[in-house]
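This report refers to the structure that appears directly beneath it.
The values are calculated or read from the model by the stated rules, or taken from the named source; none is laboratory data. Note that the coordinates shown come from a computational prediction; the quantities given were computed from them, not determined experimentally. Here the Cβ positions follow ideal geometry from the backbone for every residue, glycine too, while neighbour counts run over all protein chains shown.
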Amino acid sequence: MARATATAHIPLGSLTQRGSRQGARCRACGSESVTSITMALTDGSPVEFTSCHRCERRTWQEQGTSGQVLAVQHVLDKTRKHR
């Protein structure tokens, strides 16, 4: 019989409550009123998408060592399926 392994529970936070995702701030205006979602693009690149409710700025930031903000066109290129 296979035994289930315990995994650490990571709270997801709330997309609508200020401060529920610690450290998530808008890079443009500094507001904590943001939606921040970590995901993997089609090519497998891990990114964090952040959308500010105050100034409406949207950013895509690389996860990992560089942490650089990606241009929208670069994100679109990484999400295209190549035939």
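List pairs: first residue in the stretch 32-43 and over 16 Å from V69 (Cβ atoms), second residue assigned to a strand (DSSP E or B) anywhere in the structure, Cβ distance under 9 angstrom, at least six positions apart or on different chains.
From the stretch 32-43, the pairs are S33/C52; T35/F49; T35/T50; T35/S51; T35/C52; A40/P46; A40/V47.
Being part of a loop (DSSP other than H, G, I, E, B), modelled with pLDDT of 90 or more and either among the aromatic types (F, W, Y) or more than 13 Å from R27 (Cα to Cα) (or both) is the filter here, so list the residues in the stretch 46-83 that pass it.
Residue satisfying the conditions is A71 alone.
Any chance the stretch 35-42 includes a residue that's assigned to a loop (DSSP other than H, G, I, E, B), of a type outside the set (D, E, K, R) and touching a helix residue (DSSP H, G or I) at 6+ places or on another chain (Cβ under 9 Å)?
Yes, the conditions are met somewhere in the stretch 35-42.
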